[in-house]
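Worksheet for the structure shown next.
Just so it is clear, none of the values below were taken in a lab; they were calculated from the coordinates. In this text, all values refer to a predicted model and were calculated from it rather than measured experimentally. Here the Cβ positions follow ideal geometry from the backbone for every residue, glycine too, while neighbour counts run over all protein chains shown.
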């Protein structure tokens, strides 16, 4: 038997020894036959085991262990509703990008005409320098007030000089004290003398004004489509035209005369307060016959 050198490892030594022994001592026939029989028996055992593993069914326990459990499906959540953001409102005072047509006022050509003044109303010439009529409802309210003041001013413009001419004569007939003063000035806020007016007169005036106001409100509610500011349905003489052109002409004449009357009454009050003389005495040519007027001018020194 060969000796192991110090440099050889143990496995190498045994490998060489086994090889040497196989070469030196060949196996006997009986040993070889035994080894072949053992190999065939081992192969048969392996075949049987393979057959048994394929034919045998796994137990329920093994099946439960080997097969993974099916996870339950989760219910799908309903889709979330996405709230749409509301449309952004345009900021007040922010002008749109579209070019705006500029319309100039007829009465003041150097100023822009307010949007509410479209020219549909009689006497609308775009005059609103302070900007009271911000929208159509506001404009209608102002027109209603304007028509009422215009009608009252027309009555006052006629009644003011007539009272200065006739008050003293009527008072002497009924034996009462006249309301005009020594200078023929009528009672007013600037002239004074309103405290001398009978309370019954104020009651009648307030009652009549209230009745007219109620009548106008009823007419506006009953005839909303046909109603326009100042339309009280009062036309006892039948002077209001039937055609549209005639109606527009009459409405225009009324509002023009009313505006002029409002200026005139204001001028009457200021004139008498400044001059301390009645309107009829200040401008007698409009209220007295020409002969009497010339006589008054001569006495006052205007005619020499």
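Peptides 273-284, 212-223: what's the order by average Cβ count within 10 Å, highest mean first?
So the order, starting with the most tightly packed, is 273-284, 212-223.
Just order 285-294, 194-203 by mean Cβ neighbour count inside 10 Å, highest at the front, would you?
The densest-packed peptide leads the list: 285-294, 194-203.
Expressed as a whole number of Å, what is the distance separating the alpha-carbon centroids of the range 106-173 and the range 223-285?
The distance from the Cα centre of the range 223-285 to that of the range 106-173 comes to 8 Å.
Could you work out the relative contact order of the range 136-299, using alpha carbon pairs under 8 angstrom and six or more residues apart, expressed as a whole percent?
The normalised contact order for the range 136-299 reaches 35 percent.
Which whole-number percentage describes the relative contact order of the range 167-250, with Cα contacts under 8 Å and a sequence gap of 6 or more?
Dividing the mean separation by the residue count of the range 167-250 yields 12 percent.
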